[in-house]
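Scroll down for the structure; my scribbles are underneath it.
The values are calculated or read from the model by the stated rules, or taken from the named source; none is laboratory data. Just so you know, these numbers come straight off a predicted model, no measurement behind them. Backbone-built Cβ (ideal geometry, glycine too); neighbour counts: all protein chains shown.
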Amino acid sequence: MVFLSRIYTKSGDHGETGLGDGTRVPKDHPRVTAYGRVDELNAVLGLVLVHDLGTEADLLRSIQNNLFDVGADLCVPEGDGETPGQRLRVTAEQVARLEVAIDRLNAKLAPMTSFVLPGGTPAAAWCHFARTVCRAAERDVVTLAAKEHVNPQVVIYLNRLSDLLFVLACVCNDNGRGDVLWQPGKTQQPSA
């Protein structure tokens with residue numbers, strides 16, 4: 001359980017922040033950028049949730065909770081000799097749950113014949129936006145992983161989550177019937 005008795009601490013007033021292990025780093029450190037982007041994604045999912053998603057709202061709330069797990073994983077660098085279960089880390093089981101949800105949602109959709117333009121219903125548009133923020137978070141984590149050790153399940157989780165958000169956007173567009181498909185070169189044709 002987390003207890004917050006004071007919201008401001010003034011400890012970041014000089015451009016540094018504390019990681020979960022107590023290490024102080026600049027606020028633009030790749031680790032802070034990565035978990036900050038995950039926080040941004042979580043906020044966008046909150047905007048998705050203002051729309052009526054029926055039973056899928058429970059799925060997104062569960063994902064929001066998982067994103068706090070992702071942030072917790074990222075904010076505590078893995079220490080030498082860390083034993084399994086010592087720290088909160090994203091697991092393969094969390095990824096597997098996303099895959100089950102993707103398969104369930106995708107079963108409602110017809111096979112794709114082209115790329116889908118972002119938009120449609122407000123819920124679908126927010127899902128597409130969340131998907132792009134998720135991809136940015138994934139890129140930020142990959143950047144961090146090039147410099148420091150990162151739990152590989154974090155990248156996998158974000159990769160699957162972006163797929164889920166794409167499928168959910170299609171579901172929100174009347175199970176794909178309201179999707180607008182990309183027409184390659186359409187604007188290159190002379191006007192009639």
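Restricting to segment 109-123, name every residue that is in contact with a Gly (Cβ under 8 Å, 6 or more places away or on another chain) and within 16 Å of residue 43 (Cα to Cα).
Once the filter is applied, which keeps residues that are in contact with a Gly (Cβ under 8 Å, 6 or more places away or on another chain) and within 16 Å of residue 43 (Cα to Cα), segment 109-123 yields nothing.
Test residue 76 against the criterion of being at pLDDT below 95, more than 23 Å from residue 52 (Cα to Cα) and within 14 Å of the chain's Cα centre (by Cα), and give yes or no.
no
Of the conditions (1) touching a residue at least 12 places away in the same chain (Cβ under 8 Å); (2) over 17 Å from residue 156 (Cα atoms), residue 22 fails just one. Which one is it?
Among (1) touching a residue at least 12 places away in the same chain (Cβ under 8 Å); (2) over 17 Å from residue 156 (Cα atoms), the lone unmet condition for residue 22 is (1).
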